[in-house]
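Remarks on the structure that follows.
The values are calculated or read from the model by the stated rules, or taken from the named source; none is laboratory data. Being a predicted model, the structure only gives us computed values, none of them experimental. Quick reminder, even Gly has a Cβ in these numbers, built from the backbone with ideal geometry, and neighbours come from all protein chains shown. Surface areas here come from the heavy atoms of the whole protein model, side chains and all, with no ligands, DNA or RNA. Shrake-Rupley method; radii C 1.70, N 1.55, O 1.52, S 1.80 Å.
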Amino acid sequence: MESAYTLAGRALAQRRTQNQEEQERRRNQVLKADPTLSELEARLAQCGTALARCVLENGKNYETIQAAIQKLQGEKAALLRRLHLPETYLDDIYTCPLCHDTGYNESGGRCTCLKQLISLYVSSNANLTEYMKEQTFDHADFHLFADQPSDGGREVLPCIKKAYDIARRFADTFDTSHANLLLTGSAGTGKTYLSSCIANHVLSRGKTVYYQTAFQLFDLLEKLKFGRCDGDEKEGAEYTAQYIYDADLLILDDLGTEFISAYSAAALFDLINTRLIREKSCILSTNLTPAGLEQIYSRRLTSRLMGNYTVIPFVGRDLRMRKFQNG
Ligand SMILES: [Zn+2]
């Protein structure tokens, strides 16, 4: 997936092209109505060159040339007025007057317009994969679970139906409940699938959602922390690092599969804890049991999870593998 920074850069380039095309269209329109514009423009260009040379060579005609330019600009404005057009009609067009659509201010820093575009792209795509975007509660199909043998004494179909009900209620009461879910179970048992159903439901209600695997999250945080990215990549990473705190719903997938450093563990605790304090919902999924989580992270984190998250156990066989085997 392309980074938000790349998408923002492309949007700026598109703005520049559109503005240039509009300027060209206006010029042709005026030329058609009054062809003397062309001569005025040529004389203005000549004067501009002469003025530049004058400055470089410390010439004496500076004021004369400037007066000539002012006179020509007056004539151009009069021409536009005669056509009932504003005097600025042929000026350069910029969507952002601050940076002239370059995205950078004079000191080389990112302009507000570029920052806004990046945050827009970070927030709008929710980082869901194409597969995830297709999953909805209405399309839920339980037949794959129907003929599975029980798993550790648990019947698979009732388990997934119960998980579905809890997920559905979580999505329906998202605005008011500030609930959190911890989905546990082996790979391919439906955790990401149900997370996707919730994500799409919540997105359709105008809420912001961000999905990330734990591996991606810690990779991002470590890169930022240890300065392993710079320039464009750093800009995008900083927005994402902020957005995981701000999004209405954060989905953190595959917890426990990533490499854990002391820094990662502390960062995860801060993220989970801050979101709890701000009453922003979270869905975590893991192949580990709560005891396994405690071994990898800390008792402090697991006790936060156990106290504030509804645990949904997933059981059964790896459906991804089964689909693959069935072709
Ligand atoms: Zn700007």
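Looking at GLY292, GLY256, which is the one that is of a type in the set (Gly, Ala, Ser), within 29 Å of THR173 (Cα to Cα) and more than 21 Å from the chain's Cα centre (by Cα)?
On the way: GLY292 fails: within 29 Å of THR173 (Cα to Cα).
Only one candidate passes the filter, namely GLY256.
Across region 74-84, not a single residue is classified as open to solvent by 90 Å² or more (accessible area, probe 1.4 Å), within 16 Å of the ligand (Cβ to nearest atom), part of a helix (DSSP H, G or I) and not aliphatic (A, V, I, L, M). The residues of region 208-226 that are acidic (Asp, Glu) and within 22 Å of LEU288 (Cα to Cα) amount to a single one, ASP219. In region 232-240 there is at least one residue that is surrounded by 18 or more Cβ atoms within 10 Å (Cβ to Cβ) and acidic (Asp, Glu). Only one of the listed residues (LEU51, LEU40) is touching a residue at least 24 places away in the same chain (Cβ under 8 Å) and in contact with a helix residue (DSSP H, G or I) (Cβ under 6 Å, 6 or more places away or on another chain). That residue is LEU40.
Only one of PHE215, PHE259 is part of a loop (DSSP other than H, G, I, E, B) and farther than 22 Å from ILE277 by Cβ. Can you tell me which?
Details: PHE215 fails: part of a loop (DSSP other than H, G, I, E, B).
Checking each option against the conditions leaves just PHE259.
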